[in-house]
Amino acid sequence: GQCAQVCPTGAIVAKSNIDQVWDAIYDPDKIVIAQVAPAVRVGLGEKLGGFAMGENVARKMVTAMKILGFDEVYDTCFAADMTIFEEATEFLDRLENNGVLPMFTSCCPGWVKFAETYYPELLPNISTTRSPQAIFGSIARKTLPAKLGVKPENLVVVSIMPCTAKKYEAQLPKFSQDGRPDVDYVLTTNELAQMIQSMGIQTNELEPSAFDMPLGFSTGGGVIFGATGGVMEAALRFAVEKVSGNPMSPIDFKETRGLAPRKEATLEVAGKKLRIAVVHGLANARKLVEEVKAGKAAYDFVEVMACPGGCVAGGGQPISHDKDFRTKRAAGLYDTDKGRQVQKPQDNYWVDKCYAESFGGRPGSHEAHTRLHTHYQNRSQLFDAKSPILRSKKEDAL
Ligand code: SF4
């Protein structure tokens, strides 16, 4: 929740890796690259000052990060586009081949851990596609040593995330190879702001710069991942075109937008009915899951985000007292999407190229399955309703 980074009593402290990131930046042997999640760019400005609430500050943020000493600054939205290639392909495969439905999204580690702990029977329903952070880590390890001419052990991968759960996700042993984690360090939006402010950088006065290529190029579909409903909308941009065979298929699915506790729609595509739902906040997720289990609600595809409002309101984002902060930050992402010439993830030329060069040529290939998908763990043994404290002790021991 919101207090994870700033709990006034210090009772809840998420570990900060700011010092390790500085050490890596000042180590002449290391090349330090960063990926920045979509929600960060519409939250950071509030903390730094001099920007409107929800303003997309990506271009000045990139300049500030270069001044800090990051060698390359890339965009998690690239990996979000790739996530859609995998996740929507997986969904269509489940739909056509009587696979397990409804399929739930897997981008949010808060939701995934919740399901692993309280609803292990639902694990086959969760998409096996890794989250954008994890997919980015995988791409970075695979492609960047050769591209940047750096020894694998000297490449340091940093994520800037709106989220404290992403710190936990990056540490999972399954997201590593050859004993090296795909993502070395995760900093929150607030921690990045702290680094920028500690250097006295006045970000709003900087010249803009673009994310580095090719892992900095994304479509509008990748950008809206940061708002509740955005993953579903991006997936529909992909899936509806695939099913209808019509490249002029709609790209706006406004049923998925906004802050209603549950958003649902039935879409008619090429004579088929697609029933979709979007929930945010774990209480809303629990309610939907209970209804699905009791046979009271039927869907094909469900997006779940643990934070009310989605990642724009994640636990690593600046705390706001404006009652409309979620809407304003989401608007920053939807405006950015509207301003993009390329809005459908499947039209991301650089993702296509990345598949061709490094991931077996297409989504769902053997290579893609090995490096872009995952499996889940039943953690229900960790849950003891009578003794939540014991539970966290048991968890520490794992
Ligand atoms: Fe993290 Fe919240 Fe986004 Fe989930 S919804 S990925 S917990 S910021």
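List of remarks:
- Residue within region 123-134 that is out of contact with any helix residue (DSSP H, G or I) (no Cβ under 8 Å at 6 or more places or on another chain) and either among the charged types (D, E, K, R) or over 30 Å from residue 66 (Cβ atoms) (or both) present: yes
- Meets criteria (assigned to a helix (DSSP H, G or I) and in contact with a Gly (Cβ under 9 Å, 6 or more places away or on another chain)) for residue 147: no
- Single unsatisfied condition, residue 256 versus (1) touching a helix residue (DSSP H, G or I) at 6+ places or on another chain (Cβ under 6 Å); (2) within 16 Å of the ligand (Cβ to nearest atom); (3) more than 29 Å from residue 190 (Cβ to Cβ): (3)
- Residue 139 passes every criterion in (1) of a type in the set (Val, Ile, Thr); (2) in a loop (DSSP other than H, G, I, E, B); (3) closer than 18 Å to residue 32 by Cβ apart from (2).
- Meets criteria (within 16 Å of the ligand (Cβ to nearest atom), within 17 Å of the chain's Cα centre (by Cα) and more than 27 Å from residue 59 (Cβ to Cβ)) for residue 172: yes
- For region 25-79, the candidate set comprises residues that are β-branched (Val, Ile, Thr) and within 16 Å of the ligand (Cβ to nearest atom); within that set, the residue that is nearest to the chain's Cα centre (by Cα) is 76.
- Here region 55-74 is the region considered, the condition is being in contact with a Lys or Arg (Cβ under 9 Å, 6 or more places away or on another chain) and crowded, with 24+ Cβ neighbours inside 10 Å, and the residue that is farthest from residue 189 (Cα to Cα) is 73.
- When restricted to residues that are more than 9 Å from the ligand (Cβ to nearest atom) and either within 18 Å of residue 188 (Cα to Cα) or within 21 Å of the chain's Cα centre (by Cα) (or both), region 287-306 contains 3.
- Members of region 224-248 found to be within 12 Å of residue 346 (Cβ to Cβ) and in contact with a strand residue (DSSP E or B) (Cβ under 8 Å, 6 or more places away or on another chain), listed by number: 235, 236, 239, 240
- Residue among 369, 375 that is assigned to a loop (DSSP other than H, G, I, E, B), under 20 Å from residue 128 (Cα atoms) and modelled with pLDDT of 90 or more: 375
- Being more than 14 Å from the ligand (Cβ to nearest atom), of a type in the set (Gly, Ala, Ser) and either in a helix (DSSP H, G or I) or under 15 Å from residue 281 (Cβ atoms) (or both) holds for only one residue in 332, 315, 309, and it is 332.
- Hey, residue 163 touching a residue at least 60 places away in the same chain (Cβ under 8 Å), within 25 Å of residue 308 (Cβ to Cβ) and not in a loop (DSSP other than H, G, I, E, B) or not: no
- Scanning region 108-165 for residues that are surrounded by fewer than 23 Cβ atoms within 10 Å (Cβ to Cβ), within 15 Å of the ligand (Cβ to nearest atom) and of a type in the set (Lys, Arg) yields a single hit, 113.
Conditions (1) buried (at least 20 other Cβ atoms within 10 Å of the Cβ); (2) modelled with pLDDT of 95 or more; (3) β-branched (Val, Ile, Thr); (4) part of a loop (DSSP other than H, G, I, E, B), marked per residue:
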{"position": "238", "(1), (2), (3), (4)": "yes, yes, no, no"}
{"position": "249", "(1), (2), (3), (4)": "no, no, no, yes"}
{"position": "258", "(1), (2), (3), (4)": "no, yes, no, yes"}
{"position": "265", "(1), (2), (3), (4)": "no, yes, no, no"}
{"position": "275", "(1), (2), (3), (4)": "no, yes, no, no"}
{"position": "289", "(1), (2), (3), (4)": "yes, yes, yes, no"}
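- The criterion of at least 3 residues that are of a type outside the set (Val, Ile, Thr) and in contact with a Gly (Cβ under 9 Å, 6 or more places away or on another chain) is met, among helices (runs of 4 or more DSSP H) falling completely within region 32-108, by 76-96.
The values are calculated or read from the model by the stated rules, or taken from the named source; none is laboratory data. As the structure is a prediction and not an experimental result, all values here were calculated from the model. Positions of Cβ are backbone-derived with ideal geometry, glycine not excepted, and every protein chain shown enters the neighbour counts.
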